[in-house]
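Report on the following structure.
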Amino acid sequence: MDGPLVRHHLLAIGLISAMGAVSPGCVPDLDRDGIQDTLDQDTDGDGINDAADGFVDTDGDNVVNARDNDSDGDSLLDLVEANDADADGYADVTPVGADADLDGIDDAYDLDCGAPSDCAGVLGVEPARPDFDGDGTPDYLDTDSDDDGVLDADETGDANQDGVPDYLQHCCLVTIDAPGLVNATFRDLENDGEFDLSTSAGNIVVEARRTDFLNNYWTRRAIIEFDITALPAGSRIVDAKLALRTMSISYGSGFDVELHGYLGDGEITLDDAYAGSNVDASFRVDGALPWLTVDVDVTELLQNLAEQQATIAGINMRASSESATHSTDDEYVFSNLSSTREIYPPPSLTISYTP
């Protein structure tokens, strides 16, 4: 026998006695399909050929995957996880209970059933073995199929009743708009590192370096603060996107924008112009036209703030090369006009998280 679970299964179906001996006249048939295990190409009946299933023991239960109908030990059957390409928690292809060529593979999964005449009208389809989170490990071998930090074994239900099992979706999603009064632009008019408040018609501006007709030049930094009290304390940020609506983009060579996260307080002060010592995210919008939405990945930035138990997430956006020589009007202008949100929506955060 191949381990305690196999022994328990065989004992349950009467193939071995309580003393451990094989019952007279019986041969091991783990999946009870009428094909003895030594001739069965799908010993555990999960639709996966033993050769593809493998003879490793993923979950460490002393039963190799080829003989284990729950290879990753998450309480979800391989028959379902390996056949659920549409991520609804049910096998897309179910066994038909027939095996025309007696190889131990149900005709529903047997590629030898390639034509209707081969297997009484049944066309064999190889299990899709989906990999929901794209980490290279198929779901039936992955203990956290959606990579949300919660084990599949703890997510077997459907909490929001949307027809998608919890182990195949991130738990929670929230979208937060930035209040109009908690956004601002700071300008360094003399390019000496000293900033003052300089809002621009409700928009926020990131400027690398601007030169006017008098040869004066300056840089500008944009500040955004979001109220993130909707996130439960201790949440793990799975994914976070900052959406910025472009009003106009005027630049020569273009430049990268750095995002520095900081603990906000819901008020804009001069100190915010210098807030954030680490570069938590960056983006560039070369060639973008006005009125497009730029989505910036701020997952790391939000996770860092969540770990500091932030209730207000502050984001300081600045050019990565403020002191370098740039062409005239190297700037990005983003909408902050909540009154015209349908055309020019204010900045917003969309956060996927696990409590």
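Figures for the structure shown
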| quantity | calculated |
| --- | --- |
| Sole residue being closer than 30 Å to Q161 by Cα, assigned to a loop (DSSP other than H, G, I, E, B) and modelled with pLDDT under 95, chosen from D101, D88, D72, D29 | D88 |
| Residue count, region 113-139 (criterion: at negative phi and exposed (fewer than 15 other Cβ atoms within 10 Å of the Cβ)) | 5 |
| Residues within region 89-110 that are under 33 Å from the mean Cα position of the chain (by Cα) and not acidic (D, E), tallied | 8 |
| Those residues of region 214-228 which are outside any strand (DSSP E or B) and at pLDDT below 90, in sequence order | L214, N215, N216 |
| Residue that is farthest from G97 (Cα to Cα) [pool: residues in region 60-72 that are in contact (Cβ under 8 Å) with a residue 24 or more places away in the chain and in contact with a Ser or Thr (Cβ under 7 Å, 6 or more places away or on another chain)] | D72 |
| Pair list, Cβ < 8 Å and 6+ apart or interchain, from region 155-181 residues that are more than 25 Å from L302 (Cα to Cα) to residues that are modelled with pLDDT of 85 or more and of a type in the set (S, T, N, Q) | T156/S75; P165/T156 |
| Conditions (1) at negative phi; (2) touching a Phe, Trp or Tyr at 6+ places or on another chain (Cβ under 8 Å): number failed by G47 | (1) |
| Matching option when the condition is among the charged types (D, E, K, R), surrounded by fewer than 14 Cβ atoms within 10 Å (Cβ to Cβ) and at pLDDT 85 or above, among E300, E307 | E307 |
| Unmet requirement for L102, which otherwise passes all of (1) outside the structural domain of D33 (by TED's automatic domain parsing); (2) over 30 Å from A159 (Cα atoms) | (1) |
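The values are calculated or read from the model by the stated rules, or taken from the named source; none is laboratory data. None of the values given here were measured: they were computed from a predicted structure. Ideal geometry is used to build each Cβ from the backbone, glycine not excepted, and the neighbour counts take in all protein chains shown.
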